[in-house]
């Protein structure tokens, strides 16, 4: 299909000049449109497709400079190239034309070859600009579709996992206790379920990182605290493999300027790999030092089989497990790629040194930071360390709004173990609001994706009603991407719990909400005559 002919608008109050321009342009297969004043030209631009505007400067009423300014200020048509034409060749008029937004300037008397050359050049530039604009628009649409797909996929995968892992956790701690054979089966279910959740998280993490959708906070992070927390997460795995952990002794506090959650994610990945691919009864040593001024290096050394030159060249590539695909160790080959991208996003470096038969040492460096000790930091630490207050014997009421029967049943089973809490349920947002207004529960849990009105609308309606505005509302959702969580907290949810839920974390959030509710009672319910 042939491209449409370029349409050129010629604006001049002299009919002779318009005829001259038509004579120059028409033989070159351009469609020529004419206007004799500024308002007529602007109306044509608003209603017709115009590719280039040849604009006389000296016109009665609205001069060419003003016409050009109005074209360029129009959001829809501002990209149309403007060539200003005038008999005045002085520098001042050139400057005024440039300030008005004109792309080019031609002086009279007109030379046909010069006019055609300028038009050809600007049409070529415009075509490239249009291609770039279309490509950017297509990329933005594709990126949006990818984000929506990732969010949807995360939700669809997490919902069934919530039931699997939730009920398995209940079975594990059921009374009477499961038999040894049942316990072994439950352990296998939990291990496989949590591993599947890890795979989902890693795939989503990699996709978000590649599209630069990972929000990062930059704050002083204590490496001693992070290493200790990561050790707690790795110890069960190390114990199972018979691996001895050697940790650094911090003679002085060391802080890095980074995102605490992401530093933990990187370190847990390196520690997990060091344990997973170690020798039996091997060792994993963590070191922390300021090798380069202004940067702190954290290294993880193992006593495993080591990596050859060819394997080292393939590190940090997605889905590459370096020949471990057939081993008993589970993995995706994504973790190191995610770690590399995260370290780079935090303005750091990551690398490895390895010797076959001796072991490997993975390391990452981040920008060092000063100790942020302050009264606020100490108060925050004290709040974290403070033991959770017991709920006491007072009967409390919880409302759970959820349309998934398996999730409802799971929470019913969890709450059944706490006789001081009575549970009310609703399967849609409208019913949940009615129950909340009538029963005034102490805490409300709500799913986000509900039939009818969603969880955000439920929160908005509850918050706008003086009878329910005081009730803390916790989101329980399979929408687990960081933007989803941040939006939930920004909208006003007391906590945002992601599915599959961990029972201990669920109860900790519930206890916090109940404690808050105890200190923020709402208006008393009106008494009704029987």
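Scanning for something in the same structural domain as residue 22 (by TED's automatic domain parsing), assigned to a loop (DSSP other than H, G, I, E, B) and surrounded by 19 or more Cβ atoms within 10 Å (Cβ to Cβ), does region 83-101 turn up at least one residue? Step through it out loud before you land on a result.
Of region 83-101, the ones in the same structural domain as residue 22 (by TED's automatic domain parsing) are 83-101.
Next cut, assigned to a loop (DSSP other than H, G, I, E, B) only: 87-90, 101.
Remaining after also requiring surrounded by 19 or more Cβ atoms within 10 Å (Cβ to Cβ): none.
No, every residue in region 83-101 fails to be in the same structural domain as residue 22 (by TED's automatic domain parsing), assigned to a loop (DSSP other than H, G, I, E, B) and surrounded by 19 or more Cβ atoms within 10 Å (Cβ to Cβ).
Kindly provide the set of residues from region 419-440 that are touching a residue at least 24 places away in the same chain (Cβ under 8 Å) and not in a helix (DSSP H, G or I), ordered by number.
420, 421, 422, 423, 424, 425, 426, 427, 428, 440
From the list 54, 110, which residue is modelled with pLDDT of 90 or more and either in contact with a helix residue (DSSP H, G or I) (Cβ under 9 Å, 6 or more places away or on another chain) or surrounded by fewer than 19 Cβ atoms within 10 Å (Cβ to Cβ) (or both)?
Numbers: 110 fails: modelled with pLDDT of 90 or more.
Selected residue: 54, the only one of 54, 110 that is modelled with pLDDT of 90 or more and either in contact with a helix residue (DSSP H, G or I) (Cβ under 9 Å, 6 or more places away or on another chain) or surrounded by fewer than 19 Cβ atoms within 10 Å (Cβ to Cβ) (or both).
Of all strands (runs of 3 or more DSSP E) completely enclosed by region 441-530, which ones contain at least 2 residues that are within 16 Å of residue 408 (Cβ to Cβ) and in contact with a strand residue (DSSP E or B) (Cβ under 9 Å, 6 or more places away or on another chain)?
Working: elements: 443-446, 473-477, 495-498.
The strands (runs of 3 or more DSSP E) meeting that bar are 443-446, 473-477.
Quick one: count up the residues across region 441-497 that are under 19 Å from residue 507 (Cα atoms) and out of contact with any helix residue (DSSP H, G or I) (no Cβ under 9 Å at 6 or more places or on another chain).
Residues meeting the conditions: 2.
Any idea how many residues of region 162-181 are outside any loop (DSSP other than H, G, I, E, B) and either at positive phi or at pLDDT 85 or above (or both)?
As a first pass, look at region 162-181 and keep what is outside any loop (DSSP other than H, G, I, E, B): 162-172, 180-181.
Remaining after also requiring either at positive phi or at pLDDT 85 or above (or both): 164-172, 180-181.
Qualifying residue count for the region: 11.
Of all residues in region 21-47, how many are touching a helix residue (DSSP H, G or I) at 6+ places or on another chain (Cβ under 9 Å) and either outside the structural domain of residue 65 (by TED's automatic domain parsing) or in a helix (DSSP H, G or I) (or both)?
Residues in region 21-47 being touching a helix residue (DSSP H, G or I) at 6+ places or on another chain (Cβ under 9 Å) and either outside the structural domain of residue 65 (by TED's automatic domain parsing) or in a helix (DSSP H, G or I) (or both): 10 in total.
Give just the number: which of (1) in contact with a helix residue (DSSP H, G or I) (Cβ under 8 Å, 6 or more places away or on another chain); (2) part of a loop (DSSP other than H, G, I, E, B); (3) at pLDDT below 90; (4) crowded, with 16+ Cβ neighbours inside 10 Å does residue 230 not satisfy?
Evaluating residue 230 over (1) in contact with a helix residue (DSSP H, G or I) (Cβ under 8 Å, 6 or more places away or on another chain); (2) part of a loop (DSSP other than H, G, I, E, B); (3) at pLDDT below 90; (4) crowded, with 16+ Cβ neighbours inside 10 Å leaves (2) as the failure.
Please verify whether region 479-489 includes one or more residues that are modelled with pLDDT of 90 or more and exposed (fewer than 14 other Cβ atoms within 10 Å of the Cβ). Don't jump to the end; show me each part of the working.
Of all residues in region 479-489, those modelled with pLDDT of 90 or more come to 487-489.
Remaining after also requiring exposed (fewer than 14 other Cβ atoms within 10 Å of the Cβ): 489.
Yes: region 479-489 contains one or more residues that are modelled with pLDDT of 90 or more and exposed (fewer than 14 other Cβ atoms within 10 Å of the Cβ).
Only one of (1) over 30 Å from residue 164 (Cβ atoms); (2) in contact with a helix residue (DSSP H, G or I) (Cβ under 9 Å, 6 or more places away or on another chain) is not met by residue 521, so which one is it?
Looking at each condition in turn, residue 521 falls short on (2).
What is the residue count in region 25-48 for residues that are under 20 Å from residue 118 (Cα atoms) and in contact with a strand residue (DSSP E or B) (Cβ under 9 Å, 6 or more places away or on another chain)?
7
Filter region 70-81 for residues that are part of a helix (DSSP H, G or I) and surrounded by 14 or more Cβ atoms within 10 Å (Cβ to Cβ) and give the result. Spell out the reasoning first.
Within region 70-81, the subset part of a helix (DSSP H, G or I) is 70-73.
Matches in region 70-81: 70, 71, 72.
The values are calculated or read from the model by the stated rules, or taken from the named source; none is laboratory data. It should be emphasised that the depicted structure is a prediction, and the values quoted were computed from it without experimental measurement. Virtual Cβ from ideal backbone geometry, glycine too; neighbours counted across all protein chains shown.
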